[in-house]
Structures are given as C-alpha cells and as structure tokens.
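Read the structure below first, then the notes.
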Ligand SMILES: Cc1cc2nc3c(=O)[nH]c(=O)nc-3n(C[C@H](O)[C@H](O)[C@H](O)COP(=O)(O)O)c2cc1C
C-alpha cells in the first residue's frame, strides 16, 4: 500500500482526536490539520482521508475550501470520508453527502459519521447557548466517538475488512 494522508479540520478537538486515532490504526499514515499546518502536496500519496466536524448542518469551511480547490486531484486518489457530527441516521447521511463534493462521495472507499464529542468547558458562549437549545432534539446528545466505526473505517481503508 502507498502512503496515506489524513486531512482534517476540527473546532474543539473531536475530529482531531478521531484523525489521530485513525492515524494510529493506519501504518505510516500522516495527519494534518487544515488550520494549523501547511498541507503537503498530494502527489506522493495514493490514499487521502478527509475528516471534518458539522456545525449547523455544514462541514467546517476550511474543508469546503480545501476540497473545492483540490477536487480534481483528490478524485484520482483512494478516498475515505468521515465527519464528526451529533446527528445520527438519515440526517447524518445528508450531512455527510453535503460535506464533500459529489465526485468524492461517489468514489469513496468508505464514508461514515464517526460520532461526536462536546467539551462544554471549551465551547464559546454562543455555541454553549446553541447546545443548550438543541439538547433533546436529537443533537448535542454527544453519544461519543464510535470506536467500532473507527476500527471499521481503518479496516476498509487498509483493505482488510
Ligand atoms: C454550536 C454547535 C452546533 C452543532 N451543529 C451540528 C449540526 O448541525 N449537526 C450535527 O450533526 N452536529 C452538530 N454539532 C455537533 C458537532 O458536530 C460535534 O460536537 C463534533 O464532535 C464537533 O467536532 P470538533 O470538536 O472536531 O469540531 C454541533 C455542535 C455545536 C457545539
């Protein structure tokens, strides 16, 4: 297997945690935060995993910009897509679909919602308020990152499951 790059964006750290857990499960994979680091050129990777969290139904804008800019090159790679999101079921599927360009959703080896974590002490005042408002409406329940889904995702990417 060739080299694997995990490109992610995270507001409070849940997606970062998921990305690093994935990296640990994928031999030799590299992980880069869209916000803090310069993303290496994609030429030397044959597998690219994209991950980001969902706020108000949408993936964070750094990821929108990144995929818009690199869609063509990305569509030549083995692609894995994930989100971290509070929603489950059909709503999460809709969010996942909207999070990434159609061309990438189509070719992805695997695509999944890895789950959510909310760290109340880190939330901005506004976000805290939103979480309080939506609690009990299916979101903000913070069911946690799914280690099952993480393992399954990693196995799908390595082609051993
Ligand atoms: C203000 C706010 C809005 C959110 N909106 C959504 C949403 O529309 N849909 C969803 O599935 N999850 C939503 N979430 C849950 C986050 O996606 C989840 O907490 C995720 O794990 C955050 O990951 P991060 O720490 O990497 O940014 C929201 C969370 C907050 C705090």
Are there any helices (runs of 4 or more DSSP H) wholly within the stretch 1-102 with 3 or more residues that are more than 19 Å from residue 116 (Cβ to Cβ), more than 16 Å from the ligand (Cβ to nearest atom) and modelled with pLDDT of 95 or more, and if so which?
61-74
If residue 35 satisfies every condition in (1) crowded, with 20+ Cβ neighbours inside 10 Å; (2) under 25 Å from residue 128 (Cβ atoms) but one, which is the exception?
(1)
Since residue 56 meets every condition but one in (1) under 21 Å from residue 145 (Cα atoms); (2) surrounded by 14 or more Cβ atoms within 10 Å (Cβ to Cβ); (3) over 15 Å from the mean Cα position of the chain (by Cα), which condition does it not meet?
(2)
Take the residues in the stretch 65-90 that are farther than 15 Å from residue 111 by Cβ and touching a strand residue (DSSP E or B) at 6+ places or on another chain (Cβ under 7 Å); name whichever of them is surrounded by the most Cβ atoms within 10 Å (Cβ to Cβ).
86
Has the stretch 139-157 got any residue that is more than 27 Å from residue 47 (Cα to Cα), touching a helix residue (DSSP H, G or I) at 6+ places or on another chain (Cβ under 7 Å) and surrounded by fewer than 19 Cβ atoms within 10 Å (Cβ to Cβ)?
yes
Which numbered condition residue 147 fails, given (1) in contact with a strand residue (DSSP E or B) (Cβ under 7 Å, 6 or more places away or on another chain); (2) within 19 Å of residue 15 (Cα to Cα); (3) at pLDDT 85 or above; (4) more than 8 Å from the ligand (Cβ to nearest atom)
(1)
Hits in the stretch 60-89 - residues which are closer than 19 Å to residue 143 by Cα and touching a helix residue (DSSP H, G or I) at 6+ places or on another chain (Cβ under 7 Å)
82, 83, 84, 85, 87
Inside the stretch 103-140, can you point out the residues that are more than 10 Å from the ligand (Cβ to nearest atom), farther than 15 Å from residue 11 by Cβ and not in a helix (DSSP H, G or I)?
108, 109, 110, 111, 112, 135, 136, 137
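The values are calculated or read from the model by the stated rules, or taken from the named source; none is laboratory data. Note that the coordinates shown come from a computational prediction; the quantities given were computed from them, not determined experimentally. Glycine also receives a Cβ, built like all others from the backbone with ideal geometry; neighbour counts cover every protein chain displayed.
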